[in-house]
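Undergrad: Please see the structure below; I have some questions.
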Amino acid sequence: MLIPSIDLMGGKIVQLIQGQRLALSFDDFDYWIDRFSKYPMVQLIDLDAAMRQGDNRALIEMVCKRLPCQVGGGLKTPEDGQALLNAGAKRVIYGSSLFSPEGVNKTFAASLKKALGEDALVFSVDTKGGQVAIKGWKDTVALTPEEAITWLEDFCSAFLYTHVDIEGTMAGFPMQVAAILRSTTARQLIVAGGIKERAEIDELDAMGVDAVAGMAVYTGAMEA
């Protein structure tokens, strides 16, 4: 399954390369909402909130009223997630707050499951140089994605994995990584980073892996 992504920054839809360099920017929300209305799930990320530089809450509420969304970006408490669910999000994505320099914060993960229920939770495990990347991908934790997923398996309904090293580059997603992660978890697995063509979505689908695509969709390289 393809999950289109809407990344928000400064009140616009954007695409960044490796989470840093702005590549594309759009402000025609109606156009993209209409384009994505046929999908059972759309990923909506507040990059400003993820980078701790404000938020796009009004836009999130508007999009969630019109599309079925899993929403993330800077969520730090169970209350943060509940506020997004109340605003219309179908699921909420937690990432950096699940990790500390010592590793996985299982107590926090358990508190999220208790407060929100595992069906509402997507846990984001992003990697840079083979290690879990946090805080807008600026820091890393001494954990592999397989280790992180194994620790967090009991607390969520899905994992979102982003291969930061090639995110936004359309260099092609590393299929061997998807295969390893698929064997690590029984939960829904969604991968992102570097996807450039429909054939990759089909190959991932055959493995039982869903995919988020951004740059390929917004540049027109892939039909969506």
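Undergrad: Have a look at Thr140, Thr162, Thr150 and point out the one that is part of a strand (DSSP E or B) and either in contact with a Gly (Cβ under 6 Å, 6 or more places away or on another chain) or over 21 Å from Ile45 (Cβ atoms) (or both).
TA: Being part of a strand (DSSP E or B) and either in contact with a Gly (Cβ under 6 Å, 6 or more places away or on another chain) or over 21 Å from Ile45 (Cβ atoms) (or both) holds for just one of Thr140, Thr162, Thr150, which is Thr162.
Undergrad: Something else now. Can you tell me how many residues in the range 83-109 are part of a helix (DSSP H, G or I) and open to solvent by 70 Å² or more (accessible area, probe 1.4 Å)?
TA: Of the residues in the range 83-109, 3 are part of a helix (DSSP H, G or I) and open to solvent by 70 Å² or more (accessible area, probe 1.4 Å).
Undergrad: Any idea which residue in the range 170-199 is farthest from Arg21 (Cα to Cα), counting only those that are part of a helix (DSSP H, G or I) and open to solvent by less than 10 Å² (accessible area, probe 1.4 Å)?
TA: Leu181
Undergrad: Name the residues in the range 117-169 that are modelled with pLDDT under 95, open to solvent by less than 60 Å² (accessible area, probe 1.4 Å) and either among the aromatic types (Phe, Trp, Tyr) or in contact with a helix residue (DSSP H, G or I) (Cβ under 6 Å, 6 or more places away or on another chain) (or both), would you?
TA: Once the filter is applied, which keeps residues that are modelled with pLDDT under 95, open to solvent by less than 60 Å² (accessible area, probe 1.4 Å) and either among the aromatic types (Phe, Trp, Tyr) or in contact with a helix residue (DSSP H, G or I) (Cβ under 6 Å, 6 or more places away or on another chain) (or both), the range 117-169 yields Asp126, Thr127, Val132, Ala133, Ile134, Gly136, Trp137, Gly168.
Undergrad: If the Cβ limit is 8 Å and pairs must be 6+ apart or interchain, which residue in the range 183-195 that is aliphatic (A, V, I, L, M) pairs with which residue that is open to solvent by less than 10 Å² (accessible area, probe 1.4 Å) and assigned to a helix (DSSP H, G or I)?
TA: From residues that are aliphatic (A, V, I, L, M), the pairs are Leu189/Ala178; Leu189/Leu181; Val191/Ala178; Val191/Leu181; Val191/Leu204; Ile195/Ile201; Ile195/Ala216.
Undergrad: Among Ala109, Ala133, which is the only one that is more than 17 Å from Met9 (Cβ to Cβ), touching a Cys at 6+ places or on another chain (Cβ under 9 Å) and not aromatic (Phe, Trp, Tyr)?
TA: Among Ala109, Ala133, only Ala109 is more than 17 Å from Met9 (Cβ to Cβ), touching a Cys at 6+ places or on another chain (Cβ under 9 Å) and not aromatic (Phe, Trp, Tyr).
Undergrad: Of a type outside the set (Val, Ile, Thr), modelled with pLDDT under 95, in contact with a Lys or Arg (Cβ under 9 Å, 6 or more places away or on another chain) and open to solvent by 20 Å² or more (accessible area, probe 1.4 Å): is that true of Arg52 in this structure?
TA: yes
Undergrad: State whether the residues of the range 66-82 include one that is at negative phi, among the small types (Gly, Ala, Ser) and open to solvent by 20 Å² or more (accessible area, probe 1.4 Å).
TA: no
The values are calculated or read from the model by the stated rules, or taken from the named source; none is laboratory data. Source: prediction; values computed, not measured. Here the Cβ is made from the backbone with ideal geometry for all residues, glycine too, and neighbour counts use every protein chain on show. Only protein heavy atoms, including side chains, enter the accessible area calculation; ligands, DNA and RNA are left aside. Shrake-Rupley method; radii C 1.70, N 1.55, O 1.52, S 1.80 Å.
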